[in-house]
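What follows is a short report on a single structure.
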Amino acid sequence: MRPSLVLPLAVLLVAACSIGPGSGAASSARGSAPSGTPLAKASGALAAQVPMPADFPADVPIYSGARLTAGATFTSSGEVAWGMEWQTLDSVAKVQAFYAKQLNQGDWTVNFSNNSGGSFAATYARKS
């Protein structure tokens, strides 16, 4: 079984990555692939890519080279949360450092937990 990184964002926003070499700059790509453009298929250590939920907040940074492998929107009592799973070949430490820096610069707070065996979880919430 491939180790993965689970990262909940904005109440229940989940991201994931596998351990391996790579890079970690912010990506400007947002949303699902344009109509008619196929999403990435499963390859090597990464699962197949899925479309980004249309209402995913545009100000949440996306780790460069990360592949969205699961994504859903949840609404309860007027509150919206997203469940997201991202995969990358970069290390957990590199991905955590990226999200800690990027989210703390924006309108988000971040709390990391469950850092073990090549994975971690984190909860992100708006400051405002």
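Computed from the coordinates by the stated procedures, all read-outs in this text should not be read as laboratory data. Given the structure is predicted, the values throughout are model-derived calculations rather than measurements. Every residue, glycine among them, receives a Cβ derived from its backbone with ideal geometry; neighbour counts consider all protein chains shown.
For the range 73-88, backbone phi angles converted through the Karplus equation (6.51, -1.76, 1.60; θ = phi - 60°) give residue-by-residue couplings of 10, 10, 10, 8, 6, x, 9, 10, 9, 10, x, 10, 10, 10, 10, 8 Hz, Gly and Pro being listed as x. Between residue 62 and 27, the built amide H atoms are under 5 Å apart, and every one of these is 5 or more places off in sequence or on another chain. 3J(HN,Hα) couplings calculated from phi for the range 40-48 with the Karplus curve 6.51 cos²θ - 1.76 cosθ + 1.60 (θ = phi - 60°) are, in sequence order, 5, 7, 4, 8, x, 7, 9, 6, 5 Hz; Gly and Pro show x.
Backbone amide hydrogens, once placed in the peptide plane, bring residue 114 within less than 5 Å of 121, excluding anything fewer than 5 places away on its chain.
Less than 5 angstrom separates the built amide H of residue 52 from those of 32, 33, all sequence-distant by 5 or more or on a different chain. For residue 40, neighbours were defined as the other residues whose beta-carbon sits under 15 Å from its Cβ, and their charges (Lys and Arg +1, Asp and Glu -1) total +1. Computed extension length for residue 126-residue 94: 9.2 nm, one decimal, from 0.36 nm per residue of separation with the Cα-Cα distance subtracted. What the Cβ-Cβ distance of residue 79 and residue 115 gives, at R0 = 30 Å and to the nearest 0.05, is a FRET efficiency of 0.65.
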